[in-house]
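Remarks on the structure that follows.
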Amino acid sequence: MLYRDFASQEAIDREYDPMRGRDPGGLIAGWQARSEAVRERHRVSLDVAYGPTLAERLDLYHAEDEGAPLHVFFHGGYWRSLGHREFGFVAEGLVEAGISVAVVNYALCPTVTFGEVVRQARAALAWLHARGETLGVDTTRPSVSGHSAGGHLCAMLLATDWPGVYGLPDELVRGALCVSGLYDLRPFPWSWLQPKLQLTGRDVADYSPLFQPCRVPAAVQLVAGGEESVEFARQMQAHAEHLEAQGAAVSHELMPGDDHFSILDHYAPGGRFVARIAAFHGR
């Protein structure tokens with residue numbers, strides 16, 4: 001077997017390619033149009049540099065109140081496609097709820113190694129923590145969320161030794177919402193993604209949240225769509241059990257009727273994810 005009870009790449013690909021049978025161009029065009037509309041309606045600081053490379057940029061969507069709490073969002077794309085500009089639409093409901101939103105960009109595989117993608121996600125959070133006064137938002141204890149590969153990156157933020165590596169408090173994250181995340185990387189070296197990801201055995205061990213301790217005492221919510229593949233639900237369940245075994249405050253939920261992409265609609269104004277993130281901040 002290649003991974004668990006999967007004996008072929010084709011079997012793994014069926015479970016881990018949610019774009020199969022979809023129109024990628026139409027889906028992404030819809031996100032782009034929605035995001036552009038949000039940028040026209042709300043104040044946003046575009047392409048704020050959080051690191052030295054061109055990819056290390058974020059868009060900051062400002063809530064009306066100075067010093068509003070901060071939410072940090074990491075986009076999906078299986079670590080090898082898309083960028084921050086397509087996902088501005090996730091900010092609208094949160095901004096209207098009084099929460100500023102940083103939508104983070106990062107370099108993509110194989111232009112950079114998988115480990116560099118994780119490093120940039122960590123660097124973005126560390127940079128934001130130190131820049132609250134300059135940015136006009138409260139960055140002391142942001143909440144974080146991410147979709148798909150972004151859900152994985154959020155889980156890796158919770159596995160980060162913030163005091164030991166960055167000199168920052170381990171309570172750096174207030175709450176984390178991981179949406180359709182991937183927590184066990186073992187199937188991907190055998191999948192359609194490997195030519196782009198170029199994962200090594202060390203990468204799988206070091207960057208699978210399922211094999212890492214949870215070092216951040218944050219409230220964690222794991223969600224996946226009820227219409228997603230069995231593997232997305234199983235990975236969510238496995239990671240919830242991993243976190244529970246360490247005493248983490250974690251919940252997990254399959255959201256009926258949602259697939260890997262429609263689940264993002266819960267970021268819309270009045271959506272369920274908006275309410276959950278607002279609750280992290282006591283709103």
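Details
- Among the numbered conditions (1) out of contact with any strand residue (DSSP E or B) (no Cβ under 9 Å at 6 or more places or on another chain); (2) farther than 29 Å from LEU46 by Cβ; (3) not acidic (Asp, Glu), the only one that ARG186 does not meet is (1).
- Condition met for GLU10 (exposed (fewer than 13 other Cβ atoms within 10 Å of the Cβ) and closer than 27 Å to LEU125 by Cβ): no
- Applying the condition of being in contact (Cβ under 8 Å) with a residue 40 or more places away in the chain and acidic (Asp, Glu) to the stretch 5-33 and asking which residue is farthest from LEU264 (Cα to Cα) yields ASP13.
- The set of residues in the stretch 139-171 that are modelled with pLDDT of 95 or more and closer than 15 Å to GLY67 by Cα comprises PRO142, SER143.
Every residue, every condition in (1) surrounded by 24 or more Cβ atoms within 10 Å (Cβ to Cβ); (2) in contact (Cβ under 8 Å) with a residue 40 or more places away in the chain; (3) among the polar types (S, T, N, Q); (4) over 20 Å from PRO52 (Cβ atoms), yes or no:
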| residue | (1), (2), (3), (4) |
| --- | --- |
| GLY77 | no, yes, no, yes |
| GLU92 | no, yes, no, yes |
| ALA97 | no, yes, no, yes |
| GLN120 | no, yes, yes, no |
| ALA123 | no, yes, no, no |
| ALA126 | no, yes, no, no |
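- Residues of the stretch 269-278 that turn out to be assigned to a helix (DSSP H, G or I) and either of a type in the set (Val, Ile, Thr) or touching a residue at least 24 places away in the same chain (Cβ under 8 Å) (or both), as a count: 5
- Taking the criterion of being touching a residue at least 24 places away in the same chain (Cβ under 8 Å), under 20 Å from LYS196 (Cβ atoms) and over 17 Å from the mean Cα position of the chain (by Cα), the only residue of the stretch 34-75 that qualifies is THR53.
- Residue that is surrounded by the most Cβ atoms within 10 Å (Cβ to Cβ) [pool: residues in the stretch 128-149 that are in a helix (DSSP H, G or I) and without any contact (Cβ under 8 Å) to a residue 24 or more places away in the chain]: ALA130
The values are calculated or read from the model by the stated rules, or taken from the named source; none is laboratory data. Predicted model only: the values in this text are computed from it and were never measured. No Cβ is skipped: glycine too gets one built from the backbone with ideal geometry, and neighbour counts run over all protein chains shown.
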